[in-house]
Amino acid sequence: MNLHGIVSSAIGKVNPNKVITLRRSNGYSIAADGARTPIYVDATGEAQVQNLNSRELQHMNELNINGVLAKVYIYGELSSIVRVNQQGGDLLIFGGFTWLVVNQTEAWPDWCAVIVQQQLDPDTTCEN
């Protein structure tokens with residue numbers, strides 16, 4: 001049973017879905033100097049973006065993951081970094097920012113819920 005499909009229209013009336021760009025990790029290329037460059041496959045879709053609850057915030061704090069965090073419900077499967085499989089590190093782009101998947105909290109056949117962390121884009125500079 002697809003519970004996300006059942007409740008998403010009701011939730012969407014209170015908190016509308018966001019159009020996102022998904023950058024799914026697809027390995028990496030290796031330059032002549034040995035530097036690795038990630039390769040992504042891009043797609044677009046809709047996702048439900050919510051704040052983390054207090055239990056999730058505490059869990060992320062205990063994992064020493066901080067910064068601007070959000071929870072995203074999306075159809076399909078997203079991955080945080082899984083080093084043993086050399087996969088993951090999926091990115092989402094919405095709200096003018098790039099977000100890294102840092103934790104998968106729910107995985108179902110049709111959808112998943114992930115925690116994402118806002119990233120500082122490489123072309124953005126910080127001023128003191």
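Rule-based calculations on the coordinates, nothing more; no lab input. Fair warning: this is a prediction, and the values are worked out from it, not measured in the lab. As a convention, Cβ positions derive from the backbone with ideal geometry for all residues, glycine included, and neighbour counts pool all protein chains shown.
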Which of (1) under 19 Å from Arg23 (Cβ atoms); (2) basic (Lys, Arg); (3) more than 9 Å from the chain's Cα centre (by Cα) does Lys71 not meet, given it meets every other one?
(3)
Which condition does Asp33 not pass, out of (1) surrounded by 11 or more Cβ atoms within 10 Å (Cβ to Cβ); (2) not in a helix (DSSP H, G or I), if it passes all the others?
(1)
If you go through the range 87-95 one residue at a time, do you hit one that is at positive phi and exposed (fewer than 15 other Cβ atoms within 10 Å of the Cβ)?
yes
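Listed here are the residues, each with its yes/no results for (1) buried (at least 17 other Cβ atoms within 10 Å of the Cβ); (2) on the phi > 0 side of the Ramachandran plot; (3) in contact with a helix residue (DSSP H, G or I) (Cβ under 9 Å, 6 or more places away or on another chain).
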| site | (1), (2), (3) |
| --- | --- |
| Arg24 | yes, no, no |
| Glu62 | no, no, no |
| Val72 | yes, no, no |
| Glu77 | no, no, no |
| Trp99 | yes, no, no |
| Thr105 | no, no, yes |
| Gln117 | yes, no, yes |
With respect to Val72, determine if the residue is in contact with a Leu (Cβ under 7 Å, 6 or more places away or on another chain), free of Cβ contacts under 8 Å to residues at least 60 places away in the same chain and not polar (S, T, N, Q).
yes
Can you report the number of residues in the range 43-75 which are touching a His at 6+ places or on another chain (Cβ under 8 Å) and in a helix (DSSP H, G or I)?
0
Please state which of the following conditions Thr105 fails to meet, knowing it meets all the rest: (1) assigned to a strand (DSSP E or B); (2) closer than 18 Å to Val19 by Cβ.
(2)
Pairs needed: first member in the range 79-100, under 24 Å from Asn17 (Cα atoms); second member anywhere, in a strand (DSSP E or B) and of a type in the set (D, E, K, R); C-beta distance under 6 Å; at least 6 residues apart or different chains.
Asp90/Arg24; Leu91/Arg23; Phe94/Lys18
